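Student: Take this structure first; my questions come after.
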């Protein structure tokens, strides 16, 4: 057994109501590592051959929640949730910081693989004694906060009853869905710890489609042993020294970005990306911090970055709302993208988005989309049921709930921006392009809050366009080489990207080697492991289906809005450079060993040990 | 001009509506220093000859608010309030930490001396331009919180109007009274900063008797120059190092003592001192800290002790109450002494007492006295209009208001415990001793929350009995020598005791010398200056007043209760040792050069430069 | 080792990073073992993190409760010392402790209690390093206050919830 792994995975067949265990051989673990990589492998092995026919919201899809060998040991332990994405029809390695991750490992499991569909709502409970499928009818319909409180109590009581004599039992770790996931809102998130989310990919809807309310874990065992313990302990101390030294980031987290990205890099979504620059001082970081940040040093397991802060609204109509600060993504998506520049309203909508179990980025993207359609008269007050005006928090509050419950127009918007655009085109008897031009999505996955038009932020020409995870801002395409040891590594490791940046890369990879014993280097990830995982994801993405399949090259592009010139600010007139997109796309494909349409070549597949994927790629090449 | 002094005092005659400057020669300043010492001197000089005929609440009484040369330079700036005490008919140097002290020096004044009585409610405003008397009718009747809010606004606006071009004006420093002071509750406090109080002596009533609602100061000048600036800067640095080193004090202040003084030293007032031991963990420091301490590092001007914390009750029937933690004295007096052992109720009572401008110790002492009389059936429900039952926070709140507003039995109770006992005896046709045996006071001044019966606390046999300030726990009698360089020094210098302890004494006295240039040593204070001040206070105390005069020796004693054996706890059966009291009192008098009745001898008076007091002492010696 | 020590706790300052659990288990168990850490962070609601560890009560009810004399106190540090050979895992010390601080080791079911790392506690080091100071090494001797920190962590968390969230805090735990 290589170091860092607990050694087994829990298998839950919800159709049969059966629990079993699975293992993977050392070669597979070395080749795919864990998390995002291993999930892609599992999906390929089990449903890859019929991929195009598998409905992501059907019982055949798998819901996979994996750790990696570095989880719980490298700072910032995370869980990676994956499966066939109901949005892209490919796969996304969607991660969130949560104690669930290390609890799973201490219970003796590296992950949970869920297949089938339960008749009635259930949750899965994982302890040192193994896994159990338990009824969740009484939890179905509860929002995130209620679910957390109820499960803490219930599972805490269960454990205490089973083994009362060992002393006080602590609360378990858990991932869960809110009403949005239950109602299979296509881009719904898998939630944890009130405000952390596996946001990209729509895996909340996959859990909902399986009637799976939550997965809960409490383990009292050791963290799995590592290959070189003394080296690991030393590297643990050193990595924390680096993280602790990042005083600015620790102090502000990304919570100052709501002003910073708008004012400085001109790349913040405003009113469905119609603009990207602003100078609204009301939205400055200190305005959030001074009035709302009740706890300023808040962390997750083994993390000294503590970029998180806890916010609470103490007065006014939303008194009692508790969420994180919000982080930059939700400051923009639950704020400026709605035309809202009031911190209190933004915090409220962030709280609501988390409670409902929407993805804080993807859900509001569809809402901003609807608001622009309303602005342009394409959707009317009659269609929506009320006026959906920019800057009106009550209106967006209402829309958010409607989408979570799939009521009225919410039922259409719940399909995610891309599919909603197509549906509305049909409804209004307009051509799809007329609606798609306002949809800010790449391959069905709504785009994160970093625009490419100013070219001043970290997202550029092919960042989203070439990425196998579409609009996922945490996993951007770069040159097909340096990015292969970036988020793909962190998402497979599985640990938090923010605990990755700021630590010298050599140290991180030494740590990886000390943990696993694998001959890991930056180079090996850039040349082999990263490309292997991404190529597999690319293959599955292109196979697509059953409702949507992407056209290679054509759909490897930015949304139309990203080619409109910025209307104001210091970068007024600037836009994404099509020529650059074209040329860098080719370089990207080449570097990864894909053909000029981005289809992995036979040679590449052979080199990466993915020869069995070749027959499907051959079809695409025709 | 010796160092540390601004150089002049504001002299305000409220009857004549005149404001003037006054100065004192260097010899006087060296002999009496400032604060408590200088106040006694001023009172002796101006009204000493007619002392016995003047009641503390007469317009002839003088209200003094003085700093000392060390104020706002040595850490922990305080103001000292004095005058003839309506309780003891002597004088008390009653201090509180407040920015008023630093502001008045920056405005160019070492203090304010107020005589006469205004026709209508007024406040005095002191700025760089001098002093003025302003209308306060709109402030009369307002509780502490309201008063601060209104005065901050009003004065800042006024100053900004007068000098708008200099930039933003900061809020002024303020000392003020609440309804208790306005209604001349005899032991009412002079308040500052919501929860800091000049508590002992009843000077709130003196302000009330002059229709003086507040004294407000805002200065933009330098803190006065010192004799040896480089030494002072160095000593400042070293002093702070010592203060910052006191981690426990900084962490908990005295806020953990509400449990400890009861459980450990068995010296905490419980239900009017009927008991002094308890083990109620509900009163533990952590219970206050975790639920109520919203700001844990709170300080006053120049202070690094930050023993203060801010408490806020956020839920329940007392929601919105804001006060300090409370400190130990109010944990005891607004808590255990009223039979209250619930932190929320305790914090609430502290907030009520402060808002009403009661002295947090003396006011609730009378309340406890009244509650015991009710317990024993001497007072009935009819006297109050409700049942003042032990532990009932609603009832105790009503009682605090009853006394502040002098309604029903509150009219009598507002006379302070001693006079109330006498009045109630008369009313009920009982002998004075029958009521006085429940009155826990010494010379009219209610006793601080440190009992003498266990002998395990820092207060013993003659601590209160021999003290010129009666029950004042901050200025206890020890041996007539060592304590002469303690509270009488800090109360004259004027700075906070808590910045005195924990700093090596040599350092403090070096600091005093470096500031003033006076040849000050600990020894000189112990032999000369301290005794001078205390002897003068003793003389005035013995001269007494129109309504009450103390019998030397006879009234230099502990209250009846302190001779009753403790009923519970590890010190059960213990009581104050009468023989020890007798013996140590004798030694105390001898050491200070007073006769066997504690009347200062002619030789002593001469030696201390107080010869002009002798004629009046002669009468007492007979 | 003559200076008295104690670990002061500032519950509101705890970030929930649990490096104390990691440092403690690395020191005592040789590797990361959160449920074997002598200090365990309870988080019944996010934001309300409570470090739960021995407070060295002056009256040591745990020591007095042990039927086989497996518990004693260190003369130097005043910490509670468990003799794992003698301990039978009966749980009497857990019941005697006002805050239910001890627990049975997940490996061998022996009573597990903080021993102050022989005077140089690891948890306080990492907490200080990260700037939280929720667990702070202080040179202070025994006092009556120590036993007040032996309290059920859920009750402590309820207080923190009100401190941070006001009225809402009463609903979340």
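Student: Report the Cα-based extents of region B:507-622 along its three principal axes, largest first, to the nearest Å.
Tutor: Taking the Cα atoms of region B:507-622, the three principal extents are 53, 42, 26 Å.
Student: Can you pull a Stokes-Einstein diffusion coefficient for region A:357-427 at 4 °C (1.567 mPa s), Rh from Kirkwood over Cα pairs, as a whole number of µm²/s?
Tutor: 110
Student: May I ask for the equivalent-ellipsoid semi-axes of region A:246-446, computed as the square root of five times each C-alpha gyration tensor eigenvalue and listed largest first in whole Å?
Tutor: The equivalent ellipsoid of region A:246-446 has semi-axes of 30, 17, 15 Å.
Student: Semi-axes, largest first, in whole Å: what does sqrt of 5 times each Cα gyration tensor eigenvalue give for region B:145-238?
Tutor: Values for region B:145-238, descending: 30, 22, 11 Å.
Student: While we're looking at this one, here's another question. Give the shape of region A:470-538 as rounded, prolate or oblate, defined through the alpha-carbon gyration tensor: a ≥ b ≥ c are the square roots of its eigenvalues, a/c under 1.5 means rounded, and otherwise the shape is prolate if a/b is larger than b/c and oblate if not.
Tutor: Oblate, since a/c reaches 1.5 and b/c is not below a/b.
Student: When the expected Rg is taken as 2.2 N^0.38 Å, what fraction or multiple of it is the alpha-carbon Rg of region B:580-622?
Tutor: Taking N as the residue count of region B:580-622, the ratio is 1.18.
Student: What percent does the relative contact order of region B:252-368 come to when contacts are Cα pairs within less than 8 Å and at least six residues apart?
Tutor: 25
Student: What three numbers, in Å, describe the spread of the alpha carbons of region A:149-263 along their principal axes, ordered from the longest?
Tutor: Result, largest extent first: 46, 42, 27 Å.
Student: For region B:374-523, what is Rg from Cα atoms divided by 2.2 N^0.38 Å, rounded to two decimals?
Tutor: Normalised Cα radius of gyration, region B:374-523: 1.39.
Student: If you don't mind, there's one more thing I want to ask. Between residue B:579 and residue B:521, what length comes free when the chain is fully extended (0.36 nm per residue of separation minus the Cα-Cα distance, one decimal in nm)?
Tutor: Length gained between residue B:579 and residue B:521: 17.4 nm.
Student: Once you have the Cα-Cα distance between residue B:49 and residue B:223, take 0.36 nm times their residue separation minus that, and quote the gain in nm to one decimal.
Tutor: Residue separation times 0.36 nm, minus the Cα-Cα distance, leaves 59.1 nm.
Student: Kindly work out what percent of the DSSP beta bridges joining two residues of the protein assembly as shown are antiparallel, to the nearest 5.
Tutor: Within the protein assembly as shown, antiparallel bridges account for around 80 percent of the total.
Student: Moving to a separate point now. Can you give the mean number of other chain Cβ atoms that lie within 10 Å of the Cβ atoms in peptide A:217-227?
Tutor: Mean shielding by partner chains, rounded to a whole number: 4.
Student: To one decimal place, what orientation-averaged projected area in nm² is obtained for the convex hull of the Cα set of region C:1-101?
Tutor: 7.5
Student: So, one more: Can you give me the orientation-averaged projected area of the convex hull built on the Cα atoms of region B:245-446, in nm²?
Tutor: Value for region B:245-446: 11.6 nm².
Student: Report the convex hull volume per residue for chain A, counting only C-alpha atoms, in Å³.
Tutor: That works out to 139 Å³ per residue.
Student: I would also like to ask the following. Per residue, how much space in cubic angstrom lies within the convex hull of the C-alpha atoms of the protein assembly as shown?
Tutor: 187
Student: Shifting gears a bit: Counting partner chain Cβ atoms within 10 Å of every residue's Cβ in A:300-307, what's the average?
Tutor: Mean shielding by partner chains, rounded to a whole number: 5.
Student: Let me ask you something else. Could you give the nm distance between label points at residue B:407 and residue B:317, where each point is 7 Å from its Cα heading toward the beta carbon?
Tutor: Here the answer is 1.8 nm between the modelled labels.
Student: Give me the one-decimal nm value for the distance between modelled label points at residue A:23 and residue B:560, 7 Å along each residue's Cα-to-Cβ direction.
Tutor: Output for this residue pair reads 8.6 nm.
Student: I would also like to ask the following. Along the principal axes of its C-alpha atoms, what lengths does region A:579-622 span, in descending order and rounded to whole Å?
Tutor: Reported extents, whole Å, longest axis first: 35, 22, 9.
Student: Per the Kirkwood definition applied to all pairs of different Cα atoms, how many angstroms is the hydrodynamic radius of region A:507-608?
Tutor: That comes to 16.4 Å for region A:507-608.
Student: More than 20 Å apart: what percent of Cα pairs in region C:1-56 qualify?
Tutor: So the pairs more than 20 Å apart make up 30 percent of the total in region C:1-56.
Student: Note down the nm distance, to one decimal, between modelled labels 7 Å out along Cα→Cβ at residue A:290 and at residue B:13.
Tutor: 4.8
Student: Scaled to the compact-protein estimate 2.2 N^0.38 Å, what is the alpha-carbon radius of gyration of region B:375-435, rounded to two decimal places?
Tutor: Region B:375-435 yields a ratio of 1.09.
Student: Cut-off is 10 Å between beta-carbons; in what order do B:520, A:244, A:599, A:515 appear when sorted fewest neighbours first?
Tutor: Going from least to most buried by this count: A:244, A:599, B:520, A:515.
Student: Next question, about the same structure. What is the list of residues in region B:509-543 whose amide nitrogen lies under 17 Å from a point 7 angstrom out from the Cα of residue B:241, following Cα to Cβ?
Tutor: Residues B:509-511 fall inside that zone.
Student: Continuing with the same structure: Please report Rg over Rh for region B:93-174, where both radii come from the alpha carbon positions and Rh follows the Kirkwood definition.
Tutor: 0.95
Student: If you don't mind, another one. Restricting to DSSP H runs of at least four residues, report the calculated mean residue ellipticity at 222 nm for chain C, -39500 (n - 2.57) per run over all residues, nearest 500 deg cm²/dmol.
Tutor: So the calculated ellipticity at 222 nm is -6500 deg cm²/dmol.
Student: Using only the Cα atoms, what convex hull volume per residue in Å³ does region A:28-72 have?
Tutor: In region A:28-72, the Cα convex hull volume per residue is 68 Å³.
Student: Now, a different point. Compute the projected area of the convex hull of the Cα atoms of region A:203-300, averaged over all viewing directions, and report it in nm² to one decimal place.
Tutor: For region A:203-300, averaging the hull's shadow over all directions gives 11.6 nm².
Student: Would you report the distance distribution of C-alpha pairs in region A:48-118 as whole percents per 5 angstrom bin, up to the bin with the largest distance?
Tutor: 3, 17, 25, 19, 15, 12, 7, 2
Student: Also, I was wondering about something else. Expressed in whole Å with the largest first, what are the equivalent ellipsoid semi-axes of chain B derived from the C-alpha gyration tensor as the square root of 5 times each eigenvalue?
Tutor: 33, 29, 25
Student: Now for a different question. Per residue of A:187-199, how many C-beta atoms from partner chains lie within 10 Å of its own C-beta, taken as a mean?
Tutor: What the average comes to for A:187-199 is 1.
Student: Using 1/(1 + (r/R0)^6) with R0 = 45 angstrom and r between the beta carbons of residue B:297 and residue C:81, what's the FRET efficiency to the nearest 0.05?
Tutor: 0.80
Student: Using bins 10 angstrom wide from zero, how does P(r) for region B:9-218 break down, in % of all Cα pairs?
Tutor: Cα pair-distance distribution for region B:9-218, in percent: 9, 38, 39, 12, 1, 0.
Student: First obtain the Kirkwood hydrodynamic radius of region C:6-170 from its Cα pairs, then insert it into the Stokes-Einstein equation at 20 °C and 1.002 mPa s, and state the resulting D in µm² per second as a whole number.
Tutor: 133
Student: Hey, fewest Cβ within 10 Å first, where do A:356, A:159 land in order?
Tutor: Listed from fewest to most nearby Cβ atoms, that is A:159, A:356.
Student: Work the Kirkwood hydrodynamic radius out for region A:414-530: mean of 1/r over every pair of different alpha-carbon atoms, inverted, in Å.
Tutor: It works out to 16.3 Å.
Student: Still on this structure: Neighbouring Cβ atoms within 10 Å as the yardstick, rank B:328, A:418, A:481 fewest first.
Tutor: A:481, B:328, A:418
Student: Calculate, for residue A:430 and residue A:587, the FRET efficiency according to 1/(1 + (r/R0)^6) with r their C-beta to C-beta distance and R0 60 Å; round to the nearest 0.05.
Tutor: Efficiency, from the Cβ-Cβ distance: 0.95.
Student: Using R₀ = 25 Å, calculate the FRET efficiency as 1/(1 + (r/R₀)^6) where r is the Cβ-Cβ separation of residue B:549 and residue B:590; round to 0.05.
Tutor: 0.60
Every read-out reported here was derived from the displayed coordinates using simple, explicitly stated rules and does not represent laboratory data. Treat the numbers as computed from the prediction; the structure is a model and nothing was measured. All Cβ positions, glycine included, derive from the backbone under ideal geometry; neighbour counts span all protein chains shown.
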